[in-house]
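Worksheet for the structure shown next.
Just so it is clear, none of the values below were taken in a lab; they were calculated from the coordinates. Values in this document were obtained by computation on a predicted structure and should not be read as measured data. We place every Cβ from the backbone using ideal geometry, glycine too, and count neighbours over all the protein chains shown.
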Amino acid sequence: MGAASRAIEEGLWPRLIAPAPDLALFEARLLRFFKEQARAELIDRVAHHAVTLGVKPERIQVKELRSRWGSCSSDRVLAFSWRVILAPPFVLDYLAAHETAHLREMNHSRRFWAHVRRCIPDYEAGRQWLHEHGCGLHAIGMAR
Ligand SMILES: [Zn+2]
């Protein structure tokens, strides 16, 4: 049993300490932290999938996306919701592969999904997770 599961069993969830004089600053600091974590993970995973697919993104953006997880523009800019860092790693990896595959196919054709499968043979698990939990993830950090 790993250290993480042992801590959870004992009721000792990992905690993130973000000192701040008020709630607005606290939220801003948490958001910046999540965006930086998401950016680092996505740069790593997109670079990996870009090699597999023989493509090169122009830029990777991590930002506030209200109703989707990512996008790929015609000028090869990949954009992702910062919330993907709050999903399990295999879900973030699937989204990275999905948007990277759009650099080959700007649609959701069979050829597009074949590219995604080359990156992640079991990509359906990531899709399924988002289907089941995506709404809850989108709701995180929304205005109350
Ligand atoms: Zn897509």
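Listing for the model above:
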{"item": "Cα lying deepest toward the dipole's positive end in the stretch 20-139, options 131, 84, 98, charges on Cβ", "result": "98"}
{"item": "The chain - share of DSSP beta bridges that are antiparallel (%, nearest 5)", "result": "40"}
{"item": "Gaussian network model of the chain, springs between alpha carbon atoms under 10 Å - residue of 12, 23, 42 with greatest fluctuation", "result": "12"}
{"item": "Descending semi-axes in whole angstrom, ellipsoid equivalent of the stretch 20-139, from the Cα gyration tensor", "result": "26, 16, 12"}
{"item": "Stretchable slack from residue 25 to residue 112, in nm (0.36 nm times residue separation minus alpha-carbon distance)", "result": "27.2 nm"}
{"item": "Global form of the stretch 63-128, assessed from the alpha-carbon gyration tensor, a/c cut-off 1.5", "result": "oblate"}
{"item": "Folded to 0 to 90 degrees: helix 89-101 orientation relative to the chain principal axis, Cα", "result": "30"}
{"item": "Rounded FRET efficiency, nearest 0.05, which uses the C-beta distance separating residue 32 from residue 71 and R0 of 25 Å", "result": "0.70"}
{"item": "Net charge dipole size for the chain [Lys, Arg +1 and Asp, Glu -1 on Cβ; Debye, nearest 20]", "result": "420"}
{"item": "Label-point separation, residue 13 to residue 104 (7 Å along Cα→Cβ), nm", "result": "3.9"}
